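The block underneath contains the structure these notes are about, expressed in structure tokens.
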Amino acid sequence: MKGNEAIVEGALKAGVEGFLGYPITPASEIIETFAQRYFADREREKRGEKPLYPKFRLFLQMESEIASINAVMGGASVGCRVMTASSSPGISLKQEGISYLAACELPCVIVNIMRGGPGLGSIQPEQGDYFQAVKGGGHGDYKLIVLAPNSVQEMAEHTMLLFNLTDKYRNPGMILTDGYLGQMKESMEFPDIPIEKYEKPWAVTGIGNRETQNIIESLFLAPEPMIEAKTKLWQKYKKIESDEVRYEIYKVEDAKILVTAYGTPSRIAKAAVDLAREKGVRVGLLRPITLWPFPYKIYADLTTHQIDKVLVVEMSFGQLLEDVKLGVEGRAEVRLYAVYGGIVPTEKDILEKIMELG
């Protein structure tokens, strides 16, 4: 199936209760597939049959991306597992809502199938939204948990994982991938990832048996409660940075050169590493899986003990490059191989850059 379709399958297995979105190329298969699953289940119910996805009770195509993210905020505030999906210009429209979600500590999953930019750009794949995702595209101090799959299989698996992580930490999260992976078809197995259940006593579900009502807010008119709220966020982010870093390493045991990439370029870079190894070059690959929290420590460890040169491959001007440099901290030479405009690097392209370093 397509990567976009795999995201839907992962979300349904994770027990998603609502999808609220708006179509945009190259992410539209996500809302289309959700619509197919939702209305097929409603037809089953009309026939007196059990739905295949009994938890998935809410599907809305909103009138805009801004409406979509605010509808997600409403669904998250009552404790539902909800998500939305878009592509680069649409994600830009969601930034104010994402900042509010982070401030209110509302868990949800946001998918960005990146395309070319800035502006309307193109519908071809790029990775120019890295800063927006990991540094905070909206206002204020906040962080999203950001996962970067590099296969159709991981599109499903990472969606399931992200629902678990966002509920665990009461924090919005993002699947950050590109239009190539969203549109690409591969064979996959349905993930067998445990679905974690988290109580949500904070949810706005009516007073019920509680003595006090829950209030979810992000406005603090006095400094003291604002400081308290931001300190709480800061401590949570430090906990995530400590416990949730994920990455893949490949053939780094004796490597002197390190290639690093995420998403589509990381697949191609792995093949280029194999080709360079055949030529006797001691090279390995490091793929960040969590873009936030970023795996700074593994870059520091590798460049402290063995790596002399690092090649960063990305489909943007050098956004991943900055975090890699922060991890390396001057211990190794860092070079950038940037491709953009919808062009995907080839194994030969990356091999040539590796040989220049070797």
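Just to check your reading of the model, which residue among VAL152, VAL204 is more than 23 Å from PRO288 (Cα to Cα), in contact with a helix residue (DSSP H, G or I) (Cβ under 9 Å, 6 or more places away or on another chain) and either assigned by TED's automatic domain parsing to the domain that holds THR33 or β-branched (Val, Ile, Thr) (or both)?
One residue alone meets the criteria, VAL204.
Examine segment 46-64 for a residue that is touching an Asp or Glu at 6+ places or on another chain (Cβ under 7 Å), touching a residue at least 40 places away in the same chain (Cβ under 8 Å), hydrophobic (A, V, I, L, M, F, W, C) and buried (at least 24 other Cβ atoms within 10 Å of the Cβ), and state whether such a residue exists.
no
Show the residue pairs meeting these rules: Cβ distance below 6 Å; 6+ apart or different chains; first residue within segment 77-90 and part of a helix (DSSP H, G or I); second residue of a type in the set (Asp, Glu).
Cβ pairs passing all conditions: SER88/ASP129; GLY90/GLU65.
Tell me, which residue of segment 124-137 that is at pLDDT 95 or above and not in a helix (DSSP H, G or I) is farthest from the chain's Cα centre (by Cα)?
The qualifying residue farthest from the chain's Cα centre (by Cα) is GLN124.
Which helices (runs of 4 or more DSSP H) sit wholly inside segment 138-256 and have at least 3 residues that are touching an Asp or Glu at 6+ places or on another chain (Cβ under 6 Å)?
In segment 138-256, the matching helices (runs of 4 or more DSSP H) lie at 152-169.
So how many residues does segment 54-73 have that are closer than 17 Å to ASP167 by Cβ and under 21 Å from the mean Cα position of the chain (by Cα)?
Within segment 54-73, residues that are closer than 17 Å to ASP167 by Cβ and under 21 Å from the mean Cα position of the chain (by Cα) number 2.
From the residues in segment 138-149 that are within 13 Å of the chain's Cα centre (by Cα) and of a type outside the set (D, E, K, R), which one is surrounded by the most Cβ atoms within 10 Å (Cβ to Cβ)?
Among them, the one singled out is ALA148.
Restricting the first residue to segment 1-14 and requiring it to be closer than 13 Å to VAL152 by Cα and without any contact (Cβ under 8 Å) to a residue 40 or more places away in the chain, which pairs with a second residue that is part of a helix (DSSP H, G or I) and polar (S, T, N, Q) meet a Cβ separation below 6 Å and a spacing of at least six or different chains?
GLU5/THR33; VAL8/THR33
Here is a yes/no grid of residues against (1) among the aliphatic types (A, V, I, L, M); (2) without any contact (Cβ under 8 Å) to a residue 12 or more places away in the chain; (3) buried (at least 18 other Cβ atoms within 10 Å of the Cβ):
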| position | (1), (2), (3) |
| --- | --- |
| GLY74 | no, yes, no |
| PRO125 | no, no, yes |
| ALA133 | yes, no, yes |
| SER151 | no, no, yes |
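Looking at segment 296-358, what helices (runs of 4 or more DSSP H) fall wholly within it and have at least 3 residues that are touching a Leu at 6+ places or on another chain (Cβ under 7 Å)?
Counting at least 3 such residues, we get 296-305, 347-357.
Pairs needed: first member in segment 231-244, free of Cβ contacts under 8 Å to residues at least 60 places away in the same chain; second member anywhere, surrounded by 11 or more Cβ atoms within 10 Å (Cβ to Cβ); C-beta distance under 8 Å; at least 6 residues apart or different chains.
Sorted first by the residue in segment 231-244, then by its partner, the pairs are GLU241/PRO293.
Exactly one of (1) exposed (fewer than 13 other Cβ atoms within 10 Å of the Cβ); (2) touching a Ser or Thr at 6+ places or on another chain (Cβ under 7 Å) is unmet by PRO225. Its number?
Result: PRO225 fails condition (2) only.
The values are calculated or read from the model by the stated rules, or taken from the named source; none is laboratory data. Values in this document were obtained by computation on a predicted structure and should not be read as measured data. With ideal geometry, Cβ positions are generated from the backbone for all residues, glycine too; neighbour counts draw on all protein chains shown.
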